[in-house]
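Input: a single structure, listed below in C-alpha cells.
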Amino acid sequence: MSGKSIIALLLGLSLAFAVTGCSASGPSAVTPKAPKIKLELLTNKSDTMETMDKIIARFRERYPNVEIEQEAPPNMLKVLAMRFSTNTPPDLFTVYPTAPSMRQPVKSGYLTDLTGDPVLSNVRPDFLEFSRTGGKNYAVPLALEGYGIIYNTAMFRELNLDIPQTYAELLNICERLKAAGITPFIFADKDFTYVRRISSVLLGLDNPGIIPYFENVMAGRDHIQDSVQLIGMATKTMELRKYGQRDSLDTSIENAVREFAGGRAAMFFNGMWEVNTIKRTNPDLDVAMFPFPAERKGDTRVAMQVGTAFGIPKQSKTMAEAKQFLSFLTTTEMAQLFSDETGNISIINGVKHTTKENGGIAEYALAGKLFRAADSPWTMSMQDEFGKAVQELIAGGGLDTFMRKMEETFYRAEE
C-alpha cells in the first residue's frame, strides 16, 4: 500500500470515529424541551378576562411550557357543579369562598384544602380569615367586591351635599334632592336578585350578630315573627322607596343603569361592579361611591365578600402548575395590575388601591370596617325566597305577610 493510500485510510478512520463520537454524545448534549402543559381556567368573571389574559401572557414569558386558557360559560357555577359530578373538573376555577355555592363542593370533597399552603403567603392574613369556608381555606383569594351607594358627583356638588355619615343624614340628602326636582334613588326592583342583595346588606349593617341569629332560626332555636332586625330592614326598605322612581318594580337592572347613566337619578344602591357598566354606558359621567350609612356615626361598615378567588380540584394532575400560576398571580406586581385595571379591591400585600370611583368603600374595607351580608349562610333557594318576599313587600303586601313568609322560609330550614 502506498503512502498516499495509508494517509487516506487513516483520515477516513478518524472521520468515522469523529462522527460516531458525535452521534453517541448527541442526546446528552441537547437539553430536552419541557413538555407543554395546558391548564383550563373556568371563570364567571368575564369582565376581568382581558386583564387576566395580560397576566397569563406575562406568566408564559417566565414559564413557556404552561399554557392557560380561560373559559367563561353562561351559568358558570352550574357548569362547574356538573364538571365535578362527572369527574372532569377544570384545572383552575373561580369561586366565592363564603357563598352558598361553595358549600356542596367542599362537603363533597371536590376542592383542595389550601390552608397553610405557601401559595397563600402573599395574601393579607386578616383576609385569609375572612375568606375561609368552614374554618379552612379552599381557595386563593385575590380581591374583594362589595356594596355601597353609587352617586352622581356633579349633582352633589351643585347642591353642596356632603357624604352622609348617618342614615338620618342620608334621608336629609334625599329631601334636598327631591326639593331640587331630582329623583334621589333609582331602584332595579324588577330583579328579585338585586332586591335580595341590597336588602341583605341593610339587614346586616346595623345587626352585627345577624348571621348567628339566622343560623339559630334555621336550626329551630329561634323564631322570626317578632324579629326587630327584619322589621327594621323592612321599614328602611319602604322608607327608601319613597325617594325612588314610581315604577321601581318595572325597572330592570339594565334600565336602572341606563336611567342613572342618563342623569335621571342622583344615587344607585348597588354593587361596585355596576360602576364599570355605568361608565361604559356614559363615559363622561363622573361617579363615586360611599358606604350605606349606619344609624349611628362611627358604626358604618361596608358589606363585602371575596369576589375573586381561585380553587384547585382535589388530586389534580396539574396541581404544581396551578399553584405556580396562582403564586405568580398573587405577587404584588400582578395583583397591582389586576386591581388597577379592574377596580377590584386587592387583598394582596403591598397593593395600593388606585380606583377613585370606589375608593370611598375600599378605604373602609381595607381598614377592616366590613361585614358579610346577612344572606351569607343561606341556601340559594332561601336567597331567592327572601328576594321575592321583599318584592311583595314593596308591592304593598304588608309587613305581617312578609314576616310570616320569612318564618316559613327560615324556621327549622336545616331539618
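The values are calculated or read from the model by the stated rules, or taken from the named source; none is laboratory data. Remember, it's a predicted structure, so these values are computed and weren't measured experimentally. FYI the Cβ positions are ideal-geometry reconstructions off the backbone, even for glycines, and counts take in every protein chain you see.
State the number of residues belonging to the stretch 165-217 that are part of a loop (DSSP other than H, G, I, E, B) and touching a Leu at 6+ places or on another chain (Cβ under 7 Å).
Result for the stretch 165-217: 4.
Which numbered condition in (1) assigned to a loop (DSSP other than H, G, I, E, B); (2) within 27 Å of Thr48 (Cα to Cα) is the only one that Asn160 fails?
(2)
Within the stretch 261-282, restricting attention to residues that are in contact with a helix residue (DSSP H, G or I) (Cβ under 6 Å, 6 or more places away or on another chain) and in a helix (DSSP H, G or I), which residue is farthest from Val201 (Cα to Cα)?
Restricting to residues being in contact with a helix residue (DSSP H, G or I) (Cβ under 6 Å, 6 or more places away or on another chain) and in a helix (DSSP H, G or I), the top hit is Thr281.
On the given criteria, is Gly135 more than 17 Å from Thr330 (Cβ to Cβ), small (Gly, Ala, Ser) and free of Cβ contacts under 8 Å to residues at least 40 places away in the same chain?
When the stated conditions are applied, Gly135 passes them.
Could you tell me whether the stretch 205-221 includes any residue that is closer than 30 Å to Leu285 by Cβ and either of a type outside the set (Phe, Trp, Tyr) or assigned by TED's automatic domain parsing to the domain that holds Gln383 (or both)?
yes
Being surrounded by 22 or more Cβ atoms within 10 Å (Cβ to Cβ) and in contact with a Pro (Cβ under 6 Å, 6 or more places away or on another chain) is the filter here; which residues of the stretch 176-213 pass it?
Leu177
So, of the residues in the stretch 231-248 that are within 29 Å of the chain's Cα centre (by Cα) and of a type in the set (Lys, Arg), which turns out to be surrounded by the fewest Cβ atoms within 10 Å (Cβ to Cβ)?
Out of the qualifying residues, it is Arg241.
Among (1) over 22 Å from Val302 (Cα atoms); (2) in contact with a strand residue (DSSP E or B) (Cβ under 6 Å, 6 or more places away or on another chain), there is one condition Met319 misses while meeting the rest; what is its number?
For Met319, the failing item is (2).
Condition first: part of a loop (DSSP other than H, G, I, E, B) and at pLDDT below 95. Can you find one or more residues in the stretch 229-244 that meet it?
No, because not a single residue in the stretch 229-244 is part of a loop (DSSP other than H, G, I, E, B) and at pLDDT below 95.
Among the residues of the stretch 384-399, how many are assigned to a helix (DSSP H, G or I) and under 20 Å from Val228 (Cβ atoms)?
So the count comes out to 5.
Return a yes/no flag: does the stretch 370-383 have any residue that is among the acidic types (Asp, Glu), assigned to a loop (DSSP other than H, G, I, E, B) and either more than 25 Å from Glu239 (Cβ to Cβ) or in contact with a Gly (Cβ under 8 Å, 6 or more places away or on another chain) (or both).
no
Looking at the structure I just gave you, is Pro313 in contact (Cβ under 8 Å) with a residue 24 or more places away in the chain, crowded, with 22+ Cβ neighbours inside 10 Å and either under 30 Å from Val106 (Cα atoms) or among the aliphatic types (A, V, I, L, M) (or both)?
In short, yes.
Just to verify a result, which residue in the stretch 116-145, among those that are under 20 Å from Ser101 (Cβ atoms) and of a type in the set (Ser, Thr, Tyr), is surrounded by the fewest Cβ atoms within 10 Å (Cβ to Cβ)?
So, considering only residues that are under 20 Å from Ser101 (Cβ atoms) and of a type in the set (Ser, Thr, Tyr), the one surrounded by the fewest Cβ atoms within 10 Å (Cβ to Cβ) is Thr133.
So which residues in the stretch 209-241 are in contact (Cβ under 8 Å) with a residue 12 or more places away in the chain, among the charged types (D, E, K, R) and farther than 17 Å from Phe402 by Cβ?
Glu215
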